[in-house]
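Just below is one structure, and these are the notes that go with it.
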Amino acid sequence: MPFLLHIGNNKFNKALTVLIKTPKSYVIKENEVTPENVYLNRRGLLKGLGFLGAGALLSSTSTNANADWFSKDEPTKFKTTQLKYKSDQNTDNLILTPEAKVTSHNNFYEFGTSKTDPVKNAQSFNVDPWQLTISGECDKPYTLDLDDLTKAFALEERIYRMRCVEAWSMVIPWVGFELAKLLKKAQPNSRANYVAFETLHDPQQMPGQASRRIGGGIDYPYVEGLRIDEAMNPLTLMSVGLYGKTLPAQNGAPIRLVVPWKYGFKSIKSIVGIKFIEHQPASTWNILAPKEYGFYANVNPKVDHPRWSQASERRITSGGLFARNRIDTQPFNGYGEQVADMYKNINLQKNF
Amino acid sequence: MKKDTVLTQAIYKKSSLKHKVKLFKFFIHLSALLPLINAYYLAFTDQLGADPVEAIIHFTGIGAFNLLLLSLAITPISKRFRVSLLLKVRRLVGLYSFVYAFCHLANFLVFEVQFDWVLFLNEIIKRPYITVGMAGLLILLSLAVTSISLLKRRMGKRWQKLHNWVYLAVALVGIHFYWSVKSEIIEPSIYLIITLALLSLRVKKLTQFKK
């Protein structure tokens, strides 16, 4: 029983403790004797123990629903606020992915490698104060504060398809502004051939950066890059919100990139630095596995990932297991008309 | 009179063991089936995360691996601690490992590629990590089919030979898991270590197997 008491969840423990014995005030609480990071990750530890046997099978799916019975101790919720913006008329009549799914199914390894980790681990993420610096090969480098991010440029809604390299996709109503506007303001010079992006590095706030186990063995901070013409393309968006509100932490608050014709990992989250540079910058997944993830990462049904096909994808909307949601993947994720010209001189099989 | 008591005691002992085995089996049925039914219920009703397809594939996959390792841990544990009760449920645990593995593959066909047979076969042939996993599953299938007592008796010595293939199967499953992840290799590495530990207890058998 003491073992159970130690590994269980707080409220559940308290209930048990009351049943078993009333703790005296001098008794040291478990969170006082357990190192803070171990205590905060106790459910992760439990999950890690899942391999112990069939009895622990359930713990690996403790995503929601009835498993919530054990995990109702979410202390704080990340605050989002309503934004003012010009809305997207959705002329293509795209079916949106429900907001609850957009905000609970995230690849944001800074907060854990499982899709459901970020929504759990990012709720106390503090974005105030925030500074985004625009620097490098430009005449007028500048810095944006948290407030500026939603006020410096007129906001508009963009409903985009988002295609993950893992062969699933969503349709998300982003709110933001064109990256080009932000870049032009800094007046890039003639050596600005590329734009490099960097995510916040703050291991105290981002458990994945503090622990290789939680962060999936990636070297942080996460970095990404675009060619200058890609960055200046009108489709390339700096997003500060989705579904009409500021970004939830797990989606990359307070500001992130959205490049809809490229695989999702190019759309770097929680950006603190944008830099004009002369030579092609490094990008995180390319460093990690260059044979699997290229610098360009344009959505391309003809170039398979070495371990799976990219010819089709599953569109995540609503519906359970029987949602017939497998669709063909489009070249450039269906945005070829606006972007294909930029690549007419390069071999897309080689430069994947 | 004395003889009589010994006999009844023996009978009593035997029936109580039978009773225990039954109870234990019932417990195994419950703890293997309930999570599976629960996961499918949540997935069908769109409550298993944003992408129930991915979730159910991962759940059944890791469940199959857990049960396979458990079935392989039974022999060394029961030998070490002399609990014959455990040996009586080894087949059942192994069969449930196959059930989970079968669901894992069925999920991939029915919910992931959604009966696109060309894509399904292509993925199995072209993707080494899936090929490896499929090979492991085929071994488990042959073991499951031949697990019925009648066949065991009929096959004689060949039965044990066939069932030694489980050691290859568990190695393949370990590689399949390790190969399938993007960068988070710690969990699959732990599984590989456990797999190797369980195999190392059978070094003698494995070297004989080679001959």
(message) Considering only segment A:286-300, I want to know if a residue exists there that is farther than 26 Å from A:LEU237 by Cα, touching a residue at least 24 places away in the same chain (Cβ under 8 Å), within 14 Å of chain B (Cβ to nearest Cβ) and not β-branched (Val, Ile, Thr).
(response) no
(request) Check segment A:212-219 and report whether any residue there is in a strand (DSSP E or B), within 15 Å of the chain's Cα centre (by Cα) and in contact (Cβ under 8 Å) with a residue 24 or more places away in the chain. (result) no
(message) What pairs come out if I take residues in segment A:229-249 that are closer than 18 Å to A:PRO188 by Cα and pair them with residues that are at pLDDT below 95 whose C-beta lies under 9 Å away, six or more apart or interchain?
(response) none
(request) Any residue in segment A:85-97 that's within 22 Å of A:THR246 (Cβ to Cβ): show its pairings with residues that are of a type in the set (Val, Ile, Thr) and surrounded by 13 or more Cβ atoms within 10 Å (Cβ to Cβ) at Cβ separation under 6 Å, as long as the two are six or more apart or on different chains. (result) A:TYR85/A:VAL175; A:ASP88/A:ILE159; A:ASN90/A:ILE159; A:LEU96/A:VAL171; A:THR97/A:VAL171; A:THR97/A:ILE316; A:THR97/A:THR317
(request) Identify all residues within segment B:44-64 that are surrounded by fewer than 22 Cβ atoms within 10 Å (Cβ to Cβ), at the interface with chain A (Cβ under 7 Å from one of its Cβ atoms) and of a type in the set (Val, Ile, Thr); write none if there are none. (result) B:THR45, B:ILE62
(request) Would you check which residues across segment A:323-347 are within 21 Å of A:TYR160 (Cβ to Cβ) and modelled with pLDDT under 95 and list them? (result) A:ALA323, A:ASN325, A:ARG326
(request) Would you list the strands (runs of 3 or more DSSP E) that sit entirely within segment A:246-352 and hold 3 or more residues that are over 25 Å from B:VAL181 (Cβ atoms)? (result) A:271-277
(message) at pLDDT 95 or above, at positive phi and out of contact with any strand residue (DSSP E or B) (no Cβ under 7 Å at 6 or more places or on another chain): which single residue out of A:GLY252, A:GLY216 fits that description?
(response) A:GLY252
(request) Among the residues of segment B:155-189, count how many are more than 10 Å from chain A (Cβ to nearest Cβ) and not in a helix (DSSP H, G or I). (result) 3
(request) Could you tell me whether B:THR75 is modelled with pLDDT under 95 and farther than 19 Å from B:ALA39 by Cα? (result) yes
(request) For segment B:93-119, name all the residues that are surrounded by fewer than 17 Cβ atoms within 10 Å (Cβ to Cβ) and either within 11 Å of chain A (Cβ to nearest Cβ) or of a type in the set (Gly, Ala, Ser) (or both). (result) B:ALA106, B:VAL110, B:PHE115, B:ASP116, B:VAL118
(request) Just one of (1) closer than 30 Å to A:ASP117 by Cβ; (2) surrounded by 13 or more Cβ atoms within 10 Å (Cβ to Cβ) trips up B:LYS79, so point out which. (result) (1)
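The values are calculated or read from the model by the stated rules, or taken from the named source; none is laboratory data. The structure presented is a predicted model; accordingly, all values stated were derived computationally and were not measured. Please note: Cβ atoms are built from the backbone with ideal geometry, for glycine as well, and neighbour counts cover all protein chains shown.
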